[in-house]
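The block underneath contains the structure these notes are about, expressed in structure tokens.
The values are calculated or read from the model by the stated rules, or taken from the named source; none is laboratory data. All of these numbers come straight from a predicted model, not from anything done at the bench. Ideal geometry is used to build each Cβ from the backbone, glycine not excepted, and the neighbour counts take in all protein chains shown. Remember, those area values only see protein heavy atoms, side chains included, never the ligands or the DNA or RNA. Shrake-Rupley method; radii C 1.70, N 1.55, O 1.52, S 1.80 Å.
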Amino acid sequence: MTPKLIIHGGAGDDPHSKGSKAETKAILHQIVSAAYSKLLAGASALETVIYACQLLEDEPRFNAGTGSVLQSDGQIRMSASLMDGQRQSFSGVINVSRVKNPIHLAQFLQNSPDRVLSDYGALELARELNIPPYNPLTDQRLQEWVEERKTNFQRKMAEVTRGTIGAVALDQAGRLCAGTSTGGRGFERIGRVSDSATPAGNYANAFAAVSCTGVGEDILDEGLAVRIVTRVTDGMSLADALAKSFQEARSRHRDFAAIAIDQKGTIGWEKTCPVLFAAYHDGEQVGDTLS
Ligand code: GLY
């Protein structure tokens, strides 16, 4: 079947919050095209999602991997997860430090008896795998933290706080996969757990796959990804599942967005906030959610 791919680099209020809109759009197009070429060459949905997430984690304008935001104590702690829809298998890391690509740890854990590791255990795993230590801090993120620190983090949450990256793919064999990675909400209390490494923020089965971005607490409260996937599994179309889930979310003033693909190859997305930074390849062309 025709493979499909959609990726995101977060959501927010301002289309220029990650640098110029044109540049962000060009980067998303570049990454979706590179990852789609792999999918077309026969890569599995899982392999493609890992590759797309790696490229997005390596792009400093997005809040994941290099360019992750700092927490209240000035440290970076990242979270990432993968869900292989065919095997209905979830894996992830929570609050890991000093690695370049948290998604690679989630990849390893797909085949481990212990599939979600937190801070110390995740770092131990990175050492076991001989992954070299890496500092994901950028000057821009440090400057943002210093500015917020001056007001003791009392200002309105910075735009980056709705940053996350994610990818959802359907491969030629009809297998679905979702991956999500984040530096977290930014300026948060030590030990705060992001939705991105939970089934609320990232979920897939044989029927649909979803990756979320936005305020993690809102995503957790809605059980968003698993809610959308369950609705599709129970027979609702992807478009209706997204519309219903987001209508409910709006009534509760939630602040987030999601990207999705179903087993038939329908690509979808929805948001409660003004902007979603996403791009897709539908088998014919690249498109995006930035007008
Ligand atoms: N959605 C990312 C976070 O709130 O941690």
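Structure summary
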| item | result |
| --- | --- |
| Shape call, segment 225-291: gyration tensor on alpha carbons, a/c limit 1.5 | oblate |
| Rel. contact order, % - alpha carbon contacts under 8 angstrom, at least six apart, the chain | 27 |
| Net +/- balance of residues flanking GLY287 in space, Cβ distance below 14 Å, scoring K and R +1, D and E -1 | -1 |
| Accessible area of THR233 in the full protein assembly, 1.4 Å probe (Å², nearest 10) | 50 |
| Estimated translational D of segment 1-136 in µm²/s (Stokes, Kirkwood radius over Cα pairs; 25 °C; 0.890 mPa s) | 155 |
| In the chain, lysine pairs with alpha-carbon atoms under 21 angstrom apart (chain gap of 8 or more, or interchain) | 14 |
| Semi-axis lengths (Å, descending) of the ellipsoid that matches the C-alpha gyration tensor of segment 170-244 | 25, 14, 8 |
| The chain: antiparallel DSSP beta bridges as a percent of all, rounded to 5 | 90 |
| Percent carbon-and-sulfur accessible area, segment 220-291, ignoring ligands, DNA and RNA, probe 1.4 Å | 44 |
| 1.4 Å probe accessible area per residue over the chain, in Å² | 40 |
| Whole-number Å³ per residue for the convex hull built on Cα positions in the chain | 114 |
| Ranked order, ILE190, ILE6 - accessible area, probe 1.4 Å, largest first | ILE190, ILE6 |
| Cα pair distances of segment 119-245 binned at 10 Å [whole percent] | 12, 32, 31, 19, 6, 0 |
